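J.: My questions all concern the structure below.
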Amino acid sequence: MELSRWKIAVVTLLSAAGMLLPARADEHEHTYVDKEEVVLWMNTVGPYHNRQETYKYFSLPFCVGNKKTISHYHETLGEALQGVELEFSGLDIKFKDEVLQATYCEIELDKAKRDAFVYAIKNHYWYQMYIDDLPIWGIVGEADENGEDHYLWTYKKLEIGYHGNRIVDVNLTSEGKVKLVPNTRIAMSYSVKWKKSDVKFEDRFDKYLDPSFFQHRIHWFSIFNSFMMVIFLVGLVSMILMRTLRKDYARYSKEEEMDDMDRDLGDEYGWKQVHGDVFRPSSQPLIFSSLIGSGCQIFSVSLIVIIVAMIEDLYTERGSMLSTAIFVYAATSPVNGYFGGSLYAKQGGRRWIKQMFIGAFLIPAMVCGTAFFINFIAIYYHASRAIPFGTMPNFPCRVNAVPRPIPEKKWFMEPAVIVCLGGILPFGSIFIEMYFIFTSFWAYKIYYVYGFMMLVLVILCIVTVCVTIVCTYFLLNAEDYRWQWTSFLSAASTAVYVYMYSFYYYFFKTKMYGLFQTSFYFGYMAVFSTALGIMCGAVGYMGTSAFVRKIYTNVKID
Ligand SMILES: *[C@@H]1O[C@H](CO)[C@@H](O)[C@H](O)[C@H]1NC(C)=O
């Protein structure tokens, strides 16, 4: 069995370019006349405890119904564009046409087929089907208590609700438990019942949403909590900085008035001392600027996708979230090129082609095979656009020729310690949201409260910027000018906490097991955390860099 998900990703990537065109023009109308064909599509099968591990439905030795031809062929094209691989079930279903229990095919159960089914049943496999874009889940089979005998559910009882000429509701009941014995024939059967329903077509997805889960008091409370934290933090940061900075300025200008003799004896200390070094290029400017560029891009992708998801109910269309994200990612590569490239140029980098490639390949390389194709688009964008490097180095302070030695300081002022502590507050503001996002990703819940997600993103950005500014202020005050990496990493360390949280989630909230599922889970989570870290890092750095410019613009330097 091969993972169908990767294939899905590739198809989506290939079609991402085509998304520019109005690809939905031939999308299914969702209206039927009586006795019109209704197609039951088989989608995937996979373990219940890991929603992301899916295989093609027919990778299990299920049999196909007799009906071979379908008239809705355009639909498969739309499906391909959206990156879902559906296969026709072969079941004969017509609009408002009752079918009493009828056998549609038989499985000749040899040893190999039996073993395949037993494996699936042992791992709690579920399958997914679609009728008129409505998802249907069913369980493959069941084992008895002592786990020796395995049974397959052979009878699919479909109850379809209609409202006027549209399908608004589907229920599946699995019946007909048959014991799996090698060298027997197993008859698969189905029945279809049509019921008038009061559900409106627009509301037909509501039953898949889970307001009592997503709009639970805890969710509201956590948002409120984080919001309060933001207000508190912003107030605190601005107060501290205003007061200390004003004092610092006052002290510095008093020292200005002293004559040279006095000044030599005077106790000049603090962040002003490093004015000749703060704008020294960071170490590893190539990687640094690529990270910042990528982070800015991730941030804009998240922002745009969340806004689109808030406006349009993306969850009602298969794969549209993924396609949207990929399309937006491709379209925002100039953001990456602009921020990464201009930062690199400002830091005096000369190998800008190399920077461009590293910047463009950083996340894609991380997302590995999936992103291989995105890069052609990304590089195309980079190559065909003149990146306005126009605003070349223009720092408030000149950089000294010789780096200043960094004085000894207390252990908690070491960049490594600041970095570790920096992530705690941002993580604290998002970890409840992480629970909801993880649950909708790994379990069968559809995430739809994108307004919440938007708020959390805004809160995360504000908290991150505040925290990194404070960290940087302390660092500079200790006359350590290595603020660029420190600010980036102290914000990015949020992701380390998120990744640690994912361990907790794995052991206490999921029932995944085995090497495959474990590596699957932690692999995905690593990609997610890294992307989050790069995003937070970039946001933190951008905020801090504005702050640093601001404070050094106002000091008088002799
Ligand atoms: C499906 O099941 C739900 C809940 O049991 C019920 O309210 C609804 O009427 C059913 N729909 C159909 C079409 O049978």
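Laboratory data are not the source of any read-out in this text; all were calculated from the coordinates shown. Since the model is a prediction, treat every value here as computed from it, not as a measurement.
J.: Starting from 0.36 nm per residue, how many nanometres of slack lie between Ile240 and Ser283 once their C-alpha separation is accounted for?
T.: My answer for the length gained is 12.5 nm.
J.: Using only C-alpha positions, report the orientation-averaged shadow area of the convex hull of segment 96-188, nm², one decimal. Can you show the working numbers first?
T.: Working: hull surface 26.5 nm².
The orientation-averaged projected area of the Cα hull of segment 96-188 comes to 6.6 nm².
J.: Quick one: which residues, 5+ away or cross-chain, put their amide H under 5 Å from the amide H of Thr44? H built at 1.01 Å from N.
T.: Correct list: Tyr57, Gln128.
J.: Could you list which residues have their amide H under 5 Å from that of Gly90, counting only those 5 or more apart in sequence or on another chain, with H placed in the peptide plane?
T.: Sorted by chain and number, the residues that satisfy this are Gly65.
J.: Also, quick follow-up: Each residue of segment 136-150 in turn: what ³J(HN,Hα) in whole Hz from Karplus with 6.51, -1.76, 1.60 and θ = phi - 60°, glycine and Pro shown as x?
T.: Each residue of segment 136-150 in turn: 10, 10, x, 8, 6, x, 8, 9, 7, 4, 7, x, 9, 8, 10 Hz.
J.: Rg (Å, one decimal) plus Dmax (Å, integer) for the alpha carbons of segment 114-162?
T.: Cα only, segment 114-162: 13.1, 42 Å (Rg, Dmax).
J.: Return the sequence-ordered ³J(HN,Hα) values of segment 153-164 in whole Hz as given by the Karplus equation 6.51 cos²θ - 1.76 cosθ + 1.60 applied to θ = phi - 60°, using x for Gly and Pro.
T.: 7, 10, 10, 9, 9, 9, 10, 10, x, 10, 10, x
J.: Same structure again: From the square roots a ≥ b ≥ c of the eigenvalues of the alpha-carbon gyration tensor of segment 31-70, which class results: rounded (a/c under 1.5), prolate (a/b over b/c), or oblate?
T.: oblate
J.: If you find the alpha carbon centre of segment 287-342 and of segment 505-554, how far apart are they in angstrom?
T.: Their Cα centres are 15 Å away from one another.
J.: Using only the Cα atoms of segment 413-465, build the gyration tensor, take square roots of its eigenvalues as a ≥ b ≥ c, and label the shape rounded, prolate or oblate: rounded if a/c is under 1.5, else prolate if a/b is larger than b/c, else oblate.
T.: oblate
J.: Straight-line reach from Lys196: which lysines fall under 26 Å, measuring Cα to Cα and dropping same-chain residues less than 8 apart?
T.: Filter leaves Lys35, Lys94, Lys96, Lys156, Lys157, Lys207.
J.: What residues qualify as long-range amide H neighbours of Asp169, i.e. H under 5 Å apart, gap of 5 or more or another chain, H built at 1.01 Å from N?
T.: Counting only residues 5 or more places away or on other chains, the set is Gly161.
J.: Would you list which lysines come within 18 Å of Lys272, measuring only between C-alpha atoms, while excluding same-chain residues fewer than 8 positions from it?
T.: In chain and number order, the partners are Lys247, Lys254, Lys409, Lys550, Lys556.
J.: So what J values fall out for segment 403-411 if you push phi through Karplus, 6.51 cos²θ - 1.76 cosθ + 1.60 with θ = phi - 60°, rounded to Hz, Gly and Pro as x?
T.: So the J values, rounded to whole Hz, are x, 7, x, 8, x, 4, 8, 5, 4.
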